[in-house]
Amino acid sequence: MSHDPTVNAGDIARLAGVGRAAVSNWRRRHDDFPQPVDGTTSQPLFSLRQVEAWLRRYGKSYQVSTADRVWQRLKAAGDLRLAELVAQTGALLTGEDHSLEPDVAALVTEMAAELGPGAAYELLCERYLEAHSRQLSVTRGDLAALMVRLAGATTGTVLDPACGVGTLLLAASPSRALGQELSEPSAAITAARLALAGTPARVVAGDSLRHDAFPGEQADAVVCEPPFGERSWGHEELTADTRWEYGLPPRGEPELAWVQHCLARVRPGGSVAIVMPPAAAGRKAGRRIRANLLRAGAIRAVVNVGASDLWILRRPLPGERPPSEVALVEAGPDLAQVSLGGPGVRIIDLLTDDVDLTPALHQRRDDLGRLFAETRERFLAVAASPPDLKVLDQPAGHPATTVGDLARAGLLTILQAPARMVLDGGEVPVLTGDDMLHGAAPSGRADAGQELVMVEPGDVVASYSSVRVVGFSGVALGPHLTLYRADPERLDPDFLAGFLRAAGSSRPTAGSSRFDARRTRLPRLPLADQREYGRSFRSLVLLEATLRESAALGQSLIRLGFEGLADGHLLPSPESPATP
């Protein structure tokens with residue numbers, strides 16, 4: 001690690017206690033601001049020592065914590081060695097042999113003394129996962145909690161045969177943990193995290209399917225999110241493997257190999273929770289194995305959790321009578337509410353030519369008639385009333401200003417979300433570009449440790465295609481969004497939002513012209529007149545939302561009508577007008 005530690009613009013802003021915009025201004029206004037030493041044009045990296053010297057020279061207050069210094073030293077070695085160095089840091093903190101340079105080891109020891117070894121290592125692991133969010137697959141927190149709950153993986157011995165950096169085993173916090181991971185650095189990181197959390201564990205690096213590290217073990221529960229779509233999983237050399245109790249997995253069905261591996265490593269009566277691609281529930285190649293799992297009573301539930309499915313399995317006890325039903329569940333946005341206690345689907349009805357376990361195909365619709373009636377009432381209750389606006393022969397003439405002028409005059413503050421923002425299921429809700437486009441509630445989640453821009457009621461938020469006045473707080477601004485915070489005593493937010501939207505909707509859609517919101521023109525008006533405009537703009541926004549709701553209700557009404565007529569929950573009404 002001979003290179004100097006480097007920092008990006010976000011790091012500099014955090015160290016100096018300012019926003020990223022301030023760092024951009026320093027670079028633009030000060031010729032002596034340090035030049036990038038690495039990175040790219042859009043994501044430059046600067047020497048930490050040069051930045052510190054510049055901040056001192058200009059009297060800028062800053063603070064580099066011990067944790068920041070450790071992280072910058074590790075990161076300075078480059079991405080290729082970062083995983084190894086994080087693993088070596090874990091070895092140091094757990095009292096194992098390590099290969100860290102003495103000065104880095106001294107910094108790590110100092111950080112551990114300040115924060116405690118466990119908290120110090122978790123902080124470094126969080127930074128590592130954030131820096132490699134695209135390369136590492138980490139089970140999101142709510143899904144991990146659901147897996148642990150449904151598998152009962154909180155006591156006894158719990159195994160994760162594709163443990164990554166230990167997310168699922170840490171969520172389980174069992175009496176004893178077993179883990180296997182193909183990547184040696186990731187396996188070492190898992191071992192260190194579990195050791196520092198006080199969980200007795202054995203973690204082995206290696207390929208679980210080809211070189212099972214625990215052939216004689218029978219865990220009390222297994223939790224696993226295996227790699228998807230890996231065609232070179234060992235089909236040829238594992239043809240006669242004893243784990244394939246329910247059938248030889250086809251070459252193109254590696255996930256069914258992982259399912260059987262997990263079942264083979266759990267005790268009779270023990271449970272398995274494994275993340276699966278939705279296609280695995282219905283692919284033709286895997287239907288024989290799915291049928292055998294159903295007949296044996298090994299599959300207890302398939303829960304769709306959005307982009308993936310969660311299979312809950314149980315290794316049958318000798319002589320145990322299989323259940324007659326399996327739970328096929330469509331989970332809502334709150335996974336904490338998922339329950340398997342409702343009515344299931346009869347296994348005999350699933351043993352068709354397809355043996356398709358896709359939850360959406362088997363949802364009970366006994367409430368179709370009630371849903372149709374309720375949706376029809378809501379559809380009829382939605383009224384689209386356009387605002388009553390005065391029509392002029394000539395445009396009203398008012399002195400004009402621009403958004404940029406308002407910002408310079410102090411009537412308006414303009415903020416942008418961080419350019420690099422990790423939405424990884426953290427505790428802070430985030431307003432995203434998709435939420436803006438569809439007029440939806442904040443759907444993203446981010447970790448509070450990031451540099452976030454928090455919105456306030458009355459803020460105007462704009463994306464490339466939409467503008468919105470928000471009425472909530474405690475929500476962070478999402479990537480590629482801009483926030484306009486008006487002084488409410490001098491500038492009406494709805495007035496501002498209306499002119500921003502009008503300018504955006506009329507901007508060029510082709511060619512090289514770029515839309516600059518700061519050049520948006522709006523009339524200079526007293527606050528009372530601004531509010532009159534604001535009320536009209538709000539009525540147009542309400543009309544838009546009403547039409548959106550009407551369209552959604554209409555589509556639901558059509559779908560429920562077709563389904564209800566087809567399955568007998570609805571009958572034709574003799575009073576219905578005929579359509580030629």
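Of the numbered conditions (1) outside any helix (DSSP H, G or I); (2) of a type outside the set (S, T, N, Q); (3) under 19 Å from residue 450 (Cβ atoms), residue 68 satisfies every one except a single condition; which is it?
(1)
In the list 176, 149, which residue meets the criterion of being surrounded by fewer than 21 Cβ atoms within 10 Å (Cβ to Cβ), under 27 Å from residue 256 (Cβ atoms) and not polar (S, T, N, Q)?
Sole residue among the options that is surrounded by fewer than 21 Cβ atoms within 10 Å (Cβ to Cβ), under 27 Å from residue 256 (Cβ atoms) and not polar (S, T, N, Q): 149.
If you check residue 168 against the conditions, is it buried (at least 23 other Cβ atoms within 10 Å of the Cβ) and assigned to a helix (DSSP H, G or I)?
Considered against the rule, which asks whether it is buried (at least 23 other Cβ atoms within 10 Å of the Cβ) and assigned to a helix (DSSP H, G or I), residue 168 comes out as yes.
Quick check: is even one residue across region 407-423 hydroxyl-bearing (Ser, Thr, Tyr), surrounded by 19 or more Cβ atoms within 10 Å (Cβ to Cβ) and in contact (Cβ under 8 Å) with a residue 12 or more places away in the chain?
The answer is no; no qualifying residue exists.
Can you tell me which residue among 355, 430, 422 is in a loop (DSSP other than H, G, I, E, B), at negative phi and among the β-branched types (Val, Ile, Thr)?
422
Using the structure shown, decide if residue 433 is modelled with pLDDT of 80 or more and surrounded by 15 or more Cβ atoms within 10 Å (Cβ to Cβ).
Here the answer is yes, as residue 433 does meet what is asked.
Here is a yes/no grid of residues against (1) in the same structural domain as residue 68 (by TED's automatic domain parsing); (2) closer than 30 Å to residue 333 by Cβ; (3) buried (at least 20 other Cβ atoms within 10 Å of the Cβ); (4) touching a strand residue (DSSP E or B) at 6+ places or on another chain (Cβ under 7 Å):
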site	(1), (2), (3), (4)
98	yes, no, no, no
106	yes, no, no, no
145	no, yes, no, no
158	no, yes, yes, yes
162	no, yes, yes, yes
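Test residue 80 against the stated conditions and say whether it is buried (at least 17 other Cβ atoms within 10 Å of the Cβ), of a type in the set (A, V, I, L, M, F, W, C) and not assigned by TED's automatic domain parsing to the domain that holds residue 477.
Answer is no for this residue.
Return a yes/no flag: does region 204-218 have any residue that is surrounded by 24 or more Cβ atoms within 10 Å (Cβ to Cβ), touching a residue at least 12 places away in the same chain (Cβ under 8 Å) and of a type in the set (Gly, Ala, Ser).
yes
Test residue 415 against the criterion of being in a strand (DSSP E or B) and at negative phi, and give yes or no.
yes
Within region 187-194, identify whether any single residue is in a strand (DSSP E or B) and either in contact (Cβ under 8 Å) with a residue 24 or more places away in the chain or within 18 Å of residue 136 (Cβ to Cβ) (or both), and answer yes or no.
Checking region 187-194: not a single residue is in a strand (DSSP E or B) and either in contact (Cβ under 8 Å) with a residue 24 or more places away in the chain or within 18 Å of residue 136 (Cβ to Cβ) (or both).
Just to be sure before I move on: is residue 317 free of Cβ contacts under 8 Å to residues at least 24 places away in the same chain, surrounded by fewer than 21 Cβ atoms within 10 Å (Cβ to Cβ) and assigned by TED's automatic domain parsing to the domain that holds residue 231 in the structure I sent?
For residue 317, the condition - free of Cβ contacts under 8 Å to residues at least 24 places away in the same chain, surrounded by fewer than 21 Cβ atoms within 10 Å (Cβ to Cβ) and assigned by TED's automatic domain parsing to the domain that holds residue 231 - is not met.
If I ask for residues that are in contact (Cβ under 8 Å) with a residue 24 or more places away in the chain and assigned to a loop (DSSP other than H, G, I, E, B), which ones from region 109-136 would you list?
Listed by number, the residues that qualify are 132, 133, 136.
Across region 355-376, what is the number of residues that are out of contact with any Phe, Trp or Tyr (no Cβ under 9 Å at 6 or more places or on another chain) and surrounded by 15 or more Cβ atoms within 10 Å (Cβ to Cβ)?
11
The values are calculated or read from the model by the stated rules, or taken from the named source; none is laboratory data. Computed from a predicted model, the values in this text were never measured in an experiment. Quick reminder, even Gly has a Cβ in these numbers, built from the backbone with ideal geometry, and neighbours come from all protein chains shown.
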